[in-house]
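This report refers to the structure that appears directly beneath it.
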2 protein chains.
Amino acid sequence: MKEYSVIGKPIPQVDSIVKVTGRLKYITDIVLPGMFHGKILRSPYAHARIIKIDTSKAERLPGVITVVTSRDFPMVKSGRALGLEDEYPFGFDKVRHCGEEVAAVAAIDEATAEEALDLIKVEYEEFPAVFEIEEAMKPGAPLVHDHAKNNIGYEIHHSVGDVDQGFKKADYIREDRFETPMATAAAPGPRCAVADYDPVNGTLTLYTDANIIYSALPVFARIIGISEKKLRVIKPAVACAFGAKGRMNEVGIYAAFLSLKCGRPVRIERTREEEFANIRSVEPLIAYFKTGVKKDGTLVAMHCRHLSNSGAYLDFSPWDARQNVGVFDMLFRCPNVKFDGYVVYTNTIPSAALRGLTNRALNFGQNSHLDMLARDLGMDVVDFYLKNAHQKGDVTASKYKLDSCGLIECIQEVAKTGAWEEKRGKLPARRGIGFAAAGHTCGFRAYGSDLSTVLVEVDDLGCVKVISGRSDFGQGPSTMIVMCVAEELGLSVEDITINELIDTQFVPWECGNYGSRGTVQQGNAAIAAGQDVKRQLFEVVAEKLGTTPDQLEAKDKRIFIKDSPDKGVSFLWAVKDYRDSGRPMPLIGRGYYEPPTEDMDTKTGEGNVSIAYGFGAQVAEVEVDTETGKVAVLRVTSANDCGKALNPLILNSESEGGISMGLGTALFEEISYDEKGRVLETSFSDYRLPSVWQQPEVKTIWVETVDPHGPYGAKGITEVVSLPTAAAIANAIYDAIGVRIRKLPMLPWKILDALREEKSKIKA
Amino acid sequence: MKEYSVIGKPIPQVDSIVKVTGRLKYITDIVLPGMFHGKILRSPYAHARIIKIDTSKAERLPGVITVVTSRDFPMVKSGRALGLEDEYPFGFDKVRHCGEEVAAVAAIDEATAEEALDLIKVEYEEFPAVFEIEEAMKPGAPLVHDHAKNNIGYEIHHSVGDVDQGFKKADYIREDRFETPMATAAAPGPRCAVADYDPVNGTLTLYTDANIIYSALPVFARIIGISEKKLRVIKPAVACAFGAKGRMNEVGIYAAFLSLKCGRPVRIERTREEEFANIRSVEPLIAYFKTGVKKDGTLVAMHCRHLSNSGAYLDFSPWDARQNVGVFDMLFRCPNVKFDGYVVYTNTIPSAALRGLTNRALNFGQNSHLDMLARDLGMDVVDFYLKNAHQKGDVTASKYKLDSCGLIECIQEVAKTGAWEEKRGKLPARRGIGFAAAGHTCGFRAYGSDLSTVLVEVDDLGCVKVISGRSDFGQGPSTMIVMCVAEELGLSVEDITINELIDTQFVPWECGNYGSRGTVQQGNAAIAAGQDVKRQLFEVVAEKLGTTPDQLEAKDKRIFIKDSPDKGVSFLWAVKDYRDSGRPMPLIGRGYYEPPTEDMDTKTGEGNVSIAYGFGAQVAEVEVDTETGKVAVLRVTSANDCGKALNPLILNSESEGGISMGLGTALFEEISYDEKGRVLETSFSDYRLPSVWQQPEVKTIWVETVDPHGPYGAKGITEVVSLPTAAAIANAIYDAIGVRIRKLPMLPWKILDALREEKSKIKA
């Protein structure tokens, strides 16, 4: 393998110090001169018609600046999936979930705005509501939207081969049903926005915590009704996102409306209660799996019936279902595959993205299902996976082109390091070991684009400044970009700075950070930008040294002739020579990377949507307390195909964080509703997040497949590392105590119930 | 003349709306998380030895974070003029003026910091002090610095021809002495800085209101003792500067020291009292003029003895004296010229820059002197000036190359429009008319450079974004730069945005705004950047239209074939075609302008230091109330050689502001001292600024000489428009009542005294 100077080294994140010393300026720290404060009035009903809104009393409250409702602005239908727009910025004919926005107030301070909310009189006519997926699909259930029969808002069907024929040829068929709940990101920093409309110039500046800025501009602009060219977006630091802060969301929209109406800056910060009760989060899923195999374990047919709960509006759900088409058939070679996805409206909060999307839910079900299938066959599940696993060069049923694929190595490595052979069936009572695997895209064409741009500016002092519109909420793209530029220029990370603030006034186009896209897209752009700088410097240095640019190398802060390393100049002298030659300053390198991928076929979910695909496998070891039903996860071993480990320090922390998240999915996390559709978890004391006390010992192995498209061969792993944990834990619990929990999270009472049922079965 | 689309139009400033609606974020609005507040302890003595500083009581005050004095950091000598460093960040052996900094405190709030100042015990040994220039030069006067004999800190001597021989050949010689006081900028926004030191990364971020950032980095870095590469400087909006906010000043230095010591952000904002009593301001000047002429008015010899009061440290004074070498001989052809400059230490506040520097003081003296000389000869002063005036192609005695020069046109135009002929000697009693002229550089090589850089970025939406490190404190460079880019790209000003924040993290090298340099240097860089964008777009469009780039033109938001204007594409389509051709995005245009000028010979002040030179002439009309001594300036006519009037709206407001400033110099403004060297004017109610009630009717004429180096022929006029007003008013007062005030400002009591003296002379 090539020798690198910076790449592959465990380099601390470039912004870690400013973060831990509290000097980073977060979105919530933004204070503008003359700024007002906004609050949002939300529906107390899950399903109701709005008869009348009277804001007059609120408007007369001293300190209140303005009130906006649906009557103040043209209400433009919006939605994440084109052609599927089904919601307005305010619920104005009907409200379809508790917490739906009805009005917003701007006042001189938050307390006054809060007080004004109570003075807004809204007359509602309450309707019957429906909250559960399969309830909502029944004939006669309350309709959330008149147009959606049986509350089915969106369908996607994918079929390869002939699945019915496949099942006929199978020696053994197994079917299972799994269910996962709504869960939330619970980011430490609540969502916040400050909108500043300038009524004379007609420009709006939005301070936001959104990860996706450029590609979300058109939708945001359309909703608030001003040209995207008149929008300036500024993103200060964000206190974690976990995938849930993608686009410019409702606080930005209402801050914008309020600022548009009063012509002054308006700030809205969600309370923690709003964060829990109104954040759009990962959707509930019911998944039916049916798999047919030959006696020897060869897969012949796979079917998934995928029922997801979009909540009151489609929002992210169609994307979730589409991506699960590809995730479902990503791991295995199988001639006959069918996926039937139904996105179902209910009167709950609409769904949005969360790290790993509903992929983690699907993965839990599929890996649990296959664990049982392998047991039914009397086969070691690891052997079963190895037998059917996709390999490099394969094209999956959903048309993903696997130009690199380390799935088999991941399975082998995790089995070895996780001591699968040694421990399986040989652990003491109430201890168990479980296995699961996963795959995930590394970015995809989301808004017709998967583009990243990086600029490198070298100034007259020789300072190297990187400018990028990435969104770094802890996962490390800033460091990764700086490392790539440093590697290309032969510098060290300390020689390079990167912009903190993301501001569309000077940051070039960037799709943002989601879908594990950062590493590949932004890394390639960073390399290209570094090479563009290098090309310009090499021209000058080659002239000076009487050689040609292709004979030169940049390393150890020098540019020199490869074959005579003593003949060279320092990087700083090269910059000086460049400048003195009269070439344009600042020296600018541009890196632009748009992968040659395909748009997804939205009817089937097919298409080579990502330039690279990551894989991983995990082994979990648990101990179950059969008296209390409590599960302790002792250790998790995780092996992941990261293409090339750019920075083991960041990779390992991503792995540990991902496993913590998977642990939450498995054992703790759930957003639940009362009978009126009101969220029950409204604070960190209600919502069960795993803490450091529950975190298992983690051992991570990195499998380096050197992807031909990735930067230095690297692939994004942020999501894939979090996917198999829940299933590995579920399988380990089964291994420990012989019970199978089919509905997450696996809370102690469910374990106890299952044990009791198991016992009664044995007695009967 | 060439037809322009944008240039020459009266376009409102691009930031005027954000300013007048209060939405601009000024330096004083900066709030950082965890920020402390600093205050500065200043010497109560004008001259004393510091025996002991005891900070222990202050350090124990609850809420105090840290105290810094000279013992906390290595004290590095600094100064504006290389080789002349004579001061330390803190007065630590001695203090040499009242208000000199002795210690600084950071506390949780300003009140606590203020309280702590009282708890710092400093033992002083007081020395005799000296405040007046000619007192300080006498043998036996207290020495401010031991090394400076007769308190002369710096000398500059310039001689061309043989001035003694010249005077021998003269038919008539006149000598005069004039004196001008210290004056201050009195900007609405007080100086303020926030320093944020990161102790782990070793980086310091300084939020400052300084106009000069990049070229001041090395000095600032040396003082605070960290590498300039570890410095990031951010400049929010600045509430006026008037030339007095050049470099990163003491509040920045103490904020940095405090932040370095406590590892947290520290903010220091000057109180208004500090602004008056401690701001470094334009220096007092005593100038002796001796001029010899032939009978017909032809100049044969000019001599100036220039005694400037540097205050306790040299700071800006050597620069001031150097520039006055060139200003002294800038207007007139004269074979024998001599300038002897002495910069004298006293125990007053050191000097710094103010719009027009001490040039305005010199101009007042020289124009008053020549007015009297012309009267002595029985010659119309206008004819005298016209006879001797420099013309295009001349090289001045100080080696300024006048590649354009509209001095004669300015004199003729101002005489015509100001009704000089009609009014001179024909006005009613106590009314008078006066004339004066001026010249000034348009930028100069100040730190070995006179460089400006402008970037233009065109993004995937076709948005055109300009990035520049200019300092816009009201004089309009932002608008000027945008206009130049718009003109080049055939767009309108509204199609273009320009960065608000100046941040070294993304703004390219820029010398800053001083010395009337903005228009020429930044304008040329903007044009170059626009042309660089155009070049790249023309390549694509030419290919598409089957023509060559040189056949194309950009106008009215289109790019088309000059000879077949219907054959073309819109600007947006050209950007799209550029992008679709696979060329690198964002499209970036770079403009870099370093004028081919000379470094000044610091021994003589000679050298072609500026790429262009501006000229102006003014006629003032006054009425004097001989009972009260009050002078009303009725109207001022001003004609200025601006090369090309890029934007008449901004030019006229610069002219009106300049005249207001000249009016202040003439009649009102003065910083004075009590017998202990303490400043007497400490608020806007003590310091006499002209208000709108005193502002005369102003009529400005723009003479367009189309300078070969200026952008579209333009030159900078910010300083030259303010120079001749004081002399024109003084000459008008003489014309009105026959008395001559030789020491500014011309306060009512001085007028009355002079009238009394004149009367007693007549009686005697």
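Confirm whether A:I408 is under 31 Å from the mean Cα position of the chain (by Cα), away from every other protein chain (no Cβ under 14 Å), among the β-branched types (V, I, T) and part of a helix (DSSP H, G or I).
yes
Give segment B:573-589 a look and list any residue that's among the hydrophobic types (A, V, I, L, M, F, W, C) and either within 10 Å of chain A (Cβ to nearest Cβ) or in a loop (DSSP other than H, G, I, E, B) (or both), or say none.
Once the filter is applied, which keeps residues that are among the hydrophobic types (A, V, I, L, M, F, W, C) and either within 10 Å of chain A (Cβ to nearest Cβ) or in a loop (DSSP other than H, G, I, E, B) (or both), segment B:573-589 yields B:M585, B:L587, B:I588.
Among the residues in segment B:540-549, are any surrounded by 22 or more Cβ atoms within 10 Å (Cβ to Cβ) and at negative phi?
yes
Looking only at segment A:168-178, count every residue that is surrounded by fewer than 18 Cβ atoms within 10 Å (Cβ to Cβ) and in contact (Cβ under 8 Å) with a residue 60 or more places away in the chain and tell me the total.
Residues that pass the stated criteria total 6.
In segment A:582-627, what residues are of a type in the set (S, T, Y) and farther than 29 Å from A:M661 by Cβ?
Across segment A:582-627, the qualifying residues are A:Y592, A:T604.
So that you can scan it fast, the table gives a plain yes or no per residue for (1) within 20 Å of B:W573 (Cα to Cα); (2) of a type in the set (G, A, S):
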| site | (1), (2) |
| --- | --- |
| B:R517 | no, no |
| B:I527 | no, no |
| B:G530 | yes, yes |
| B:R535 | yes, no |
| B:F538 | yes, no |
| B:E543 | yes, no |
| B:T547 | yes, no |
| B:D550 | yes, no |
| B:K555 | yes, no |
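I need a count of the residues in segment B:281-303 that are closer than 21 Å to B:P745 by Cα and in contact with a helix residue (DSSP H, G or I) (Cβ under 8 Å, 6 or more places away or on another chain).
Adding up the residues that qualify gives 7.
Scanning for something within 14 Å of another protein chain (Cβ to nearest Cβ), under 17 Å from B:Q521 (Cβ atoms) and among the hydrophobic types (A, V, I, L, M, F, W, C), does segment B:438-449 turn up at least one residue?
no
Criterion first (away from chain B (no Cβ under 14 Å) and among the small types (G, A, S)) does A:A216 satisfy it?
Here the answer is no, as A:A216 does not meet what is asked.
Out of curiosity, is A:L552 crowded, with 21+ Cβ neighbours inside 10 Å, of a type in the set (A, V, I, L, M) and more than 14 Å from chain B (Cβ to nearest Cβ)?
It is true that A:L552 is crowded, with 21+ Cβ neighbours inside 10 Å, of a type in the set (A, V, I, L, M) and more than 14 Å from chain B (Cβ to nearest Cβ).
Which one of the conditions (1) within 30 Å of A:L204 (Cα to Cα); (2) at pLDDT 90 or above; (3) more than 10 Å from every other protein chain (Cβ to nearest Cβ) does A:A429 fail to meet, given that it meets all the rest?
Tallying (1) within 30 Å of A:L204 (Cα to Cα); (2) at pLDDT 90 or above; (3) more than 10 Å from every other protein chain (Cβ to nearest Cβ), A:A429 fails exactly one: (1).
Filter segment A:207-216 for residues that are buried (at least 22 other Cβ atoms within 10 Å of the Cβ) and either out of contact with any Lys or Arg (no Cβ under 8 Å at 6 or more places or on another chain) or hydroxyl-bearing (S, T, Y) (or both); which is modelled with the lowest pLDDT?
Only one residue tops the list, namely A:Y214.
Tell me which strands (runs of 3 or more DSSP E) are completely within segment A:1-85 and hold 1 or more residues being away from chain B (no Cβ under 14 Å) and over 28 Å from A:P350 (Cα atoms), or say none if there are none.
Hits in segment A:1-85: A:64-69.
Consider A:P596 carefully, then state whether it is surrounded by fewer than 16 Cβ atoms within 10 Å (Cβ to Cβ), under 31 Å from the mean Cα position of the chain (by Cα) and free of Cβ contacts under 8 Å to residues at least 24 places away in the same chain.
So A:P596 passes the test.
Given the options B:A141, B:A111, name the one that is closer than 30 Å to B:F684 by Cα, without any contact (Cβ under 8 Å) to a residue 24 or more places away in the chain and out of contact with any strand residue (DSSP E or B) (no Cβ under 7 Å at 6 or more places or on another chain).
After applying the criteria, what remains is B:A111.
How about segment A:713-734: which of its residues are surrounded by fewer than 24 Cβ atoms within 10 Å (Cβ to Cβ) and either acidic (D, E) or more than 23 Å from the chain's Cα centre (by Cα) (or both)?
Matches in segment A:713-734: A:Y734 only.
Looking at (1) under 28 Å from B:A529 (Cα atoms); (2) in contact with a Leu (Cβ under 6 Å, 6 or more places away or on another chain); (3) modelled with pLDDT of 95 or more, find the lone condition where A:V540 falls short.
Going through (1) under 28 Å from B:A529 (Cα atoms); (2) in contact with a Leu (Cβ under 6 Å, 6 or more places away or on another chain); (3) modelled with pLDDT of 95 or more one by one, A:V540 breaks only (2).
Across segment B:249-272, what is the number of residues that are more than 14 Å from chain A (Cβ to nearest Cβ) and not aliphatic (A, V, I, L, M)?
Residues in segment B:249-272 being more than 14 Å from chain A (Cβ to nearest Cβ) and not aliphatic (A, V, I, L, M): 10 in total.
Report the residue count in segment A:475-506 for those that are part of a loop (DSSP other than H, G, I, E, B), in contact (Cβ under 8 Å) with a residue 60 or more places away in the chain and either within 13 Å of another protein chain (Cβ to nearest Cβ) or in contact with a Lys or Arg (Cβ under 7 Å, 6 or more places away or on another chain) (or both).
7
State all residues of segment A:224-235 that are surrounded by fewer than 21 Cβ atoms within 10 Å (Cβ to Cβ) and either on the phi < 0 side of the Ramachandran plot or assigned to a helix (DSSP H, G or I) (or both); if no residue qualifies, say none.
Once the filter is applied, which keeps residues that are surrounded by fewer than 21 Cβ atoms within 10 Å (Cβ to Cβ) and either on the phi < 0 side of the Ramachandran plot or assigned to a helix (DSSP H, G or I) (or both), segment A:224-235 yields A:I226, A:S227, A:E228, A:K229, A:K230, A:R232, A:I234.
Going by what's in this entry, would B:N524 be described as closer than 22 Å to B:P711 by Cβ, in contact with a His (Cβ under 9 Å, 6 or more places away or on another chain) and either among the aromatic types (F, W, Y) or within 14 Å of chain A (Cβ to nearest Cβ) (or both)?
Spelling it out, B:N524 is indeed closer than 22 Å to B:P711 by Cβ, in contact with a His (Cβ under 9 Å, 6 or more places away or on another chain) and either among the aromatic types (F, W, Y) or within 14 Å of chain A (Cβ to nearest Cβ) (or both).
Go through (1) within 13 Å of chain A (Cβ to nearest Cβ); (2) in a loop (DSSP other than H, G, I, E, B); (3) hydrophobic (A, V, I, L, M, F, W, C); (4) within 30 Å of B:A287 (Cβ to Cβ) one by one and return the number of the condition B:C240 breaks.
(1) is the only condition that B:C240 fails.
The values are calculated or read from the model by the stated rules, or taken from the named source; none is laboratory data. Please read these numbers as outputs of a predicted model, since none were measured by experiment. Neighbour counts are summed over all protein chains in view; Cβ atoms, including those assigned to glycine, are modelled from backbone coordinates with ideal geometry.
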